[in-house]
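Each remark here refers to the structure printed beneath this line.
Nothing in this text is a laboratory measurement; each read-out follows from the coordinates by a stated rule. Nothing here was measured: the structure is a model prediction, and the numbers come from that model. With ideal geometry, Cβ positions are generated from the backbone for all residues, glycine too; neighbour counts draw on all protein chains shown.
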Amino acid sequence: MTQPSFDGTASSLFCYTPRPRQAKALMATAGMSAGFTLKMIAANSEPPTALSEAQNIQAQLADINITVEIESLELNVTWIAG
């Protein structure tokens, strides 16, 4: 997935190679092999890909026992409670 303004091919982009086995080992070393849960906020309209990008991250982290709870928020709503 690239931004609409990206001038080039997807194959020309740098991408990390997923290493879930190594990530799980690092989680175990940190004493977090059972995983943990975190919250992520994502705009629901702008950019139009924000929610799907958050869901992609959610799926990747699930492979190493990290649960991501996505909260979809409207862009024009204040995100920080005061």
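A few comments on the model shown:
- Set of the stretch 33-58 residues, backbone N closer than 14 Å to the point 7 Å along the Cα-Cβ line of V68: 36-43, 49-58
- Cα gyration tensor shape of the stretch 34-76, rounded if a/c is under 1.5, else prolate or oblate by comparing a/b with b/c: oblate
- Shown in residue order for the stretch 54-59 are the 3J(HN,Hα) couplings computed by the Karplus curve 6.51 cos²θ - 1.76 cosθ + 1.60 at θ = phi - 60°: 4, 5, 5, 4, 4, 5 Hz (x for Gly and Pro).
- The stretch between Q55 and T29, if pulled fully straight at 0.36 nm per residue, gains 6.7 nm over its current Cα-Cα span.
- Put simply, the amide H of I41, placed in the peptide plane, has neighbours under 5 Å in E71, leaving out anything fewer than 5 places away on its chain.
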